[in-house]
Amino acid sequence: MSEQPTQQLLVVGSNLRNLELLERFLTGLGYATVRTANMEILDQVLDQDHKLDLALVDISGFDQAIWSRCARLHTANIPLLIISPRQSAAIQQESAIHGAHGLLVKPLVMRELSTLIQRLLDRPQGFDDEHDSPTFRQQD
């Protein structure tokens, strides 16, 4: 009997406590995680041959350079969810431009996060970003 491989999620954020909580939540759901708290480590992860199934990027505390890393994830066909401290048309626009499949606003509703992650991971192999629009969620 063969065991199904664990899906690996990239978790990016500058706040170590929030990063730890998110990582704990994801590992509790059975996902493996690669965690990075700064741009230099993120660049190293992106340059290495990691098999990443999805990326969660909390943009809080990063400068505009974070968007080029999001674009790299998109180019590598890694589904991307942006986590933002506030709802903003500018952030929503930047997220969409740089390939995000969704924008989540803090505080996160973990049940919704779990559902959205599962939906993105279960997407068909022929998923076409140009014809399947991103999901942008506004938290109440």
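Leaving ligands, DNA and RNA out of it, report the carbon-plus-sulfur percent of the accessible area of region 1-85 at a 1.4 Å probe.
Result for region 1-85: 48 percent of the exposed heavy-atom area is carbon or sulfur.
Loop-only check: which trypsin sites (Lys or Arg not before Pro) in region 21-103 are DSSP coil with at most 14 other Cβ within 10 angstrom?
Lys51, Arg86
The values are calculated or read from the model by the stated rules, or taken from the named source; none is laboratory data. This structure is a prediction, so every number in the text was calculated from the model and none was measured. Methodologically, a virtual Cβ is constructed for each residue, glycine included, from the backbone with ideal geometry; neighbour enumeration extends over all protein chains shown. Heads up: the accessible areas ignore ligands, DNA and RNA and are worked out on the full protein's heavy atoms, side chains in. Shrake-Rupley method; radii C 1.70, N 1.55, O 1.52, S 1.80 Å.
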